[in-house]
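Participant: The structure follows.
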Amino acid sequence: MGGTAFFRGEGGTVWEMDLPLSEVMQEKAVKGYLKRVNPDGTPYVEPVEQAPERPAKTAKKAEWVGWAVHNGMDPDEADAMTKDDLVEKFGGE
């Protein structure tokens, strides 16, 4: 991948960051605390082929938090739940 992208953090500031993101920043992005935006701060629209998919039940909790946030849950509330609770609520089966 490489290059850079713009992200809005929890405080609302927009930063240009190198891609791929560091492990810490990637986890924040997966959980929804860091959102990709356009350089002017408007929402970034991911190409359809990169839209998130429901994680496997064996996926890390961070992926389930991200899935919950993608489905409208607040990041702090999702992060406070256990992985099992997230799977039960958002597992879709």
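Participant: Which pairs turn up if I take residues in region 72-92 that are over 11 Å from Gly32 (Cβ atoms) and look for partners that are modelled with pLDDT under 95 and outside any helix (DSSP H, G or I) with beta carbon separation below 7 Å, at least 6 apart in sequence or on another chain?
Facilitator: Sorted first by the residue in region 72-92, then by its partner, the pairs are Val87/Lys57; Phe90/Asn71; Gly91/Lys57; Gly92/Arg54.
Participant: Does any residue in region 38-62 that is of a type in the set (Phe, Trp, Tyr) and surrounded by 11 or more Cβ atoms within 10 Å (Cβ to Cβ) come within less than 7 Å, Cβ to Cβ, of a residue that is assigned to a loop (DSSP other than H, G, I, E, B) and at pLDDT 95 or above six or more places away or on a different chain, and which pairs are these?
Facilitator: From residues that are of a type in the set (Phe, Trp, Tyr) and surrounded by 11 or more Cβ atoms within 10 Å (Cβ to Cβ), the pairs are Tyr44/Asn38.
Participant: So which residues in region 62-90 are over 12 Å from the mean Cα position of the chain (by Cα) and either modelled with pLDDT under 90 or not polar (S, T, N, Q) (or both)?
Facilitator: Asp76, Glu77, Ala80, Met81, Lys83, Asp84, Asp85, Leu86, Val87, Glu88, Lys89, Phe90
Participant: Go through (1) part of a loop (DSSP other than H, G, I, E, B); (2) at pLDDT below 95 one by one and return the number of the condition Pro39 breaks.
Facilitator: All conditions pass for Pro39, except number (2).
Participant: Out of all the residues in region 1-21, which are in a loop (DSSP other than H, G, I, E, B) and within 23 Å of Pro75 (Cα to Cα)?
Facilitator: Passing the criteria: Gly9, Glu10, Gly11, Gly12, Thr13, Leu19, Pro20, Leu21.
The values are calculated or read from the model by the stated rules, or taken from the named source; none is laboratory data. Everything numeric in this text was worked out from a predicted model, so none of it was measured. Using ideal geometry, Cβ is built from the backbone for each residue, glycine included, and neighbour counts are taken over all protein chains shown.
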